[in-house]
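Structure first, then comments.
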Amino acid sequence: MTLSVAVSGASGYAGGEILRLLADHPDVEIRTVTAHSSAGQRLVAHQPHLRSLAHLELQPTTPEVLAGHDIVVLALPHGQSAQYTDALADTPLVIDAGADHRLTSAEDWAAFYGGEHPEPWAYGVPELTVDGVKQREHLRGATRIAAPGCNASTVALSLAPGVAAGVIDPGDIVSVLAVGPSGAGKSAKTNLLASEILGTANPYAVGGIHRHIPEIRQALAAAGAPRDGIRLSFTPVLVPMARGILATSSAPIVEGATDAEIRAAWEDAYADETFVELLPPGVFPRTADVLGANIASMGLAIDRAANRVTVVAAVDNLVKGTAGAAVQSLNIALGLAETTALPVNGVAP
Ligand SMILES: NC(=O)c1ccc[n+]([C@@H]2O[C@H](COP(=O)([O-])OP(=O)(O)OC[C@H]3O[C@@H](n4cnc5c(N)ncnc54)[C@H](OP(=O)(O)O)[C@@H]3O)[C@@H](O)[C@H]2O)c1
């Protein structure tokens, strides 16, 4: 049976990547695409690389246009999704790429986003350990799914195995990320002009204010860290690459943990995972190696002089960081093969 899909935010970066992946999905038909200021225009005017969807025109994003599909994917600026989700009560599966339904804590929502706290949905990172099982168990049969923040899932995947195994101390985590500007969306912003980002690295949201911090804390608490015992210093740095995240995260080694136990924590967590790879000792990923692929690639170092474990992870923010996570979660929720329509190979150079 072919399932009908509507994708909102289809003129944007996340919506475009969701469409690129779903265009090759054998079980779905992309029936409707919606946008805001671009409604009424052809999809390919905004996404010229999506040639197989050239017949589609962008509709206005309204509950009426989104209703009547088997699946609705929302890829809107945060704060915009919740207004549609009530009206989609009859839609069998709704996936939100925005932040609206990710946080379980109303306190965190108030502190980092503000306004009414929307209902939390199943978190779309299947490989994370949650209460001793993989998050994919919570996604089976799910009808409402919150795709992750790209930086958040990259850091959470980097550290959750060590937290779950009790070999790193979540009380002193430091994460510094090199991120590409597509993570900030397609709408024009002065700080994202080529003249502002080419040839320079720009730190932003420094000092504990980035909105992905509570999402990472939530994921690490689910992996087994005491909620009030997580201390995370998180610093993103905008660098001149269109896509990609390179996250370098470190945490202290718990006393008595051996090198073998530390490495085994990550090996055991990801040995059976198709979309998360742990590289051999001494090998670390580059963002170029994951572009276009639904892959989180990571290398791990045990720094005894600093008494810390350092994990370097590379993710394509638009694939494993958003659209790939959404489609992977969709597959699990619907009982399809988890790998359907998800590339493991990237594009290089
Ligand atoms: N970019 C990433 O790497 C990434 C990663 C993870 C999660 N996300 C999340 O995905 C969502 C979309 O991000 P993006 O990067 O794709 O942003 P974007 O490129 O700026 O696209 C935003 C989309 O939303 C539409 N839109 C804007 N205001 C709207 C409104 N009031 N009502 C309905 N539609 C509206 C826009 O339509 P018009 O162009 O027609 O105005 C456009 O299609 C965000 O919540 C973001 O946090 C993004």
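The values are calculated or read from the model by the stated rules, or taken from the named source; none is laboratory data. In this text, all values refer to a predicted model and were calculated from it rather than measured experimentally. With ideal geometry, Cβ positions are generated from the backbone for all residues, glycine too; neighbour counts draw on all protein chains shown.
Within segment 103-118, none of the residues are without any contact (Cβ under 8 Å) to a residue 12 or more places away in the chain, surrounded by fewer than 24 Cβ atoms within 10 Å (Cβ to Cβ) and within 14 Å of the ligand (Cβ to nearest atom). For Glu277, the conditions (1) in a loop (DSSP other than H, G, I, E, B); (2) charged (D, E, K, R); (3) more than 15 Å from the ligand (Cβ to nearest atom) all hold with the exception of (1).
Among the listed residues Arg140, Arg102, Arg136, identify the single one that is closer than 29 Å to Gly224 by Cα, at pLDDT 95 or above, among the basic types (Lys, Arg) and in contact with a strand residue (DSSP E or B) (Cβ under 8 Å, 6 or more places away or on another chain). Even if it seems obvious, please write down each step before you answer.
Details: Arg140 fails: in contact with a strand residue (DSSP E or B) (Cβ under 8 Å, 6 or more places away or on another chain); Arg136 fails: in contact with a strand residue (DSSP E or B) (Cβ under 8 Å, 6 or more places away or on another chain).
Of the residues listed, the single one that is closer than 29 Å to Gly224 by Cα, at pLDDT 95 or above, among the basic types (Lys, Arg) and in contact with a strand residue (DSSP E or B) (Cβ under 8 Å, 6 or more places away or on another chain) is Arg102.
Looking at this structure, is Ser175 within 16 Å of the ligand (Cβ to nearest atom) and touching a helix residue (DSSP H, G or I) at 6+ places or on another chain (Cβ under 6 Å)? Spelling it out, it is not the case that Ser175 is within 16 Å of the ligand (Cβ to nearest atom) and touching a helix residue (DSSP H, G or I) at 6+ places or on another chain (Cβ under 6 Å).
With respect to Leu74, determine if the residue is closer than 30 Å to Glu267 by Cα and outside the structural domain of Gly208 (by TED's automatic domain parsing).
Values: closer than 30 Å to Glu267 by Cα: no; outside the structural domain of Gly208 (by TED's automatic domain parsing): yes.
Against the criterion (closer than 30 Å to Glu267 by Cα and outside the structural domain of Gly208 (by TED's automatic domain parsing)), Leu74 does not qualify.
Every listed requirement among (1) on the phi > 0 side of the Ramachandran plot; (2) more than 16 Å from the ligand (Cβ to nearest atom) is met by Gly244 save one, (2). Residues that are surrounded by fewer than 20 Cβ atoms within 10 Å (Cβ to Cβ), of a type in the set (Val, Ile, Thr) and either at pLDDT below 95 or more than 18 Å from Leu318 (Cα to Cα) (or both) occur in segment 33-54; there is at least one. Report yes if Gly9 is within 17 Å of the chain's Cα centre (by Cα) and on the phi > 0 side of the Ramachandran plot, otherwise no. Yes; evaluated as a whole, the condition is true for this residue. Among the criteria (1) in a loop (DSSP other than H, G, I, E, B); (2) in contact with a strand residue (DSSP E or B) (Cβ under 8 Å, 6 or more places away or on another chain); (3) away from the ligand (no atom under 16 Å from the Cβ), the one Asn317 does not fulfil is (3). When Ala14, Ala82 are checked against the criterion of being within 16 Å of the ligand (Cβ to nearest atom) and within 23 Å of Leu336 (Cα to Cα), Ala14 stands alone in meeting it. Of the residues making up segment 191-207, not a single one is closer than 26 Å to Gly166 by Cβ and not small (Gly, Ala, Ser). The residue that is farthest from Thr322 (Cα to Cα), among those in segment 1-10 that are modelled with pLDDT of 95 or more and either basic (Lys, Arg) or surrounded by fewer than 24 Cβ atoms within 10 Å (Cβ to Cβ) (or both), is Thr2.
Under 9 Å between Cβ atoms, which residue pairs at least 6 apart in sequence (or on different chains) link something in segment 166-188 that is closer than 20 Å to Val312 by Cα and not assigned by TED's automatic domain parsing to the domain that holds Ser11 with a partner that is among the acidic types (Asp, Glu) and at pLDDT below 95? If the second residue must be among the acidic types (Asp, Glu) and at pLDDT below 95, no pairs are left.
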